[in-house]
Structure formats: C-alpha cells, structure tokens
Amino acid sequence: QVQLVESGGGSVQAGGSLRLSCAASGYTFTTYSTNCMAWFRQGPGQEREGVAAIASNGGTYYADSVKGRFSISKENAKNTMYLEMNRLEPEDTAVYYCAAVGVRCDFLGSTWRRSDRFTYWGQGTQVTVSS
C-alpha cells in the first residue's frame, strides 16, 4: 500500500522560503525504478496544477511560473522528496500535494502537469504567502 505524507507547509511573507517534504512508504525511489514523482498545488477556486516533477534518474521538470525559484530533489535512501521554495509570492499560496505514478516522467511529456496522470497522492500541506 503506497502512502505519501507531506510536511513543511506554513505561513511566510513574500520573498521568504519554505521547504516541503514528502515521505513515501510502499513506494520505491531507487534510481532504476520506473516512476515519476511530482509536486502539485491547488489554490482557492483553481484547478490542481503540477509545479515540479522529478524522474527516477534525477531529471527535473518545472512549471514556468516557478522556474528559478523552486527546486525539486529526492533522497532515495530516505524515500523522501523535497520542494525548496524561494522568493515566494502571494500567488504561490495553495495546498501543495505530493504525487507519484509508475511511469517515467519523459513518457508523460508535457502532460506531467495534469493531475489525472498521477496515481498516488498525499493529503496536502497548506502554504500561505502574505504580501
């Protein structure tokens, strides 16, 4: 049974930083696994959108809105994925979700940003950025 648990959300002022973590159980992060993991977010009244993804070989993908400010990474030994968020803006306010799917990220292509492409989800963690 796959379980994804996010942590690290909170409230911060614009320009600040936060680091989110996603701990996985029942799901293997090893380099040669065929999987794609991602961070999604859903703001009030908005659709859930992908912000960053990481392949099993460490390749990364970013939405244009967060490129240069957010950094996705993972520690295979700890089965944990991270999202380092810097220069946060009020528009980044959302519930952030960890997601995983047993397909390579490059097979997803640009559709990695679609929530219906991912199978496993965490419960979400709130990030609030005030101006």
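The values are calculated or read from the model by the stated rules, or taken from the named source; none is laboratory data. Because the structure is a prediction, the values reported are computed rather than measured. Glycine gets a Cβ as well: all are built from the backbone with ideal geometry, and neighbour counts include every protein chain shown. Remember, those area values only see protein heavy atoms, side chains included, never the ligands or the DNA or RNA. Shrake-Rupley method; radii C 1.70, N 1.55, O 1.52, S 1.80 Å.
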Original post:
Out of 63, 28, 124, whose Cα points farthest toward the positive end of the dipole of the chain (charges: +1 Lys, Arg; -1 Asp, Glu; placed on Cβ)?
Top reply: 28
Original post:
Which value does Rg/Rh take for segment 77-127 over its C-alpha atoms, Rh per Kirkwood?
Top reply: 0.99
**OP:** Only loop residues by DSSP count here, and only those with at most 15 other Cβ atoms within 10 Å; note down the GluC sites (Glu not before Pro) in segment 1-85 that meet that.
**Re:** 47
Subject >> Accessible area per residue, Å², the chain with all protein chains present, probe 1.4 Å >> reply: 50
Subject >> With 5 Å bins from 0: P(r) over the chain, alpha-carbon pairs, percent >> reply: 2, 12, 23, 26, 20, 11, 5, 1, 0
Original post:
On the accessible surface of the chain, probed at 1.4 Å, how many percent belong to carbon and sulfur atoms?
Top reply: 45
Subject >> Stokes-Einstein D (µm²/s) once Rh is taken as the Kirkwood radius of segment 47-101 over alpha-carbon pairs, at 37 °C in 0.692 mPa s >> reply: 270
Subject >> Loop chymotrypsin sites (Phe, Trp or Tyr not before Pro), segment 2-99 (other Cβ atoms within 10 Å of the site Cβ: 11 or fewer; DSSP) >> reply: 32
**OP:** Only Lys, Arg, Asp and Glu count, each charged at its Cβ (+1, +1, -1, -1), so figure out the dipole size of the chain about its Cα centre, rounded to 20 debye.
**Re:** 200
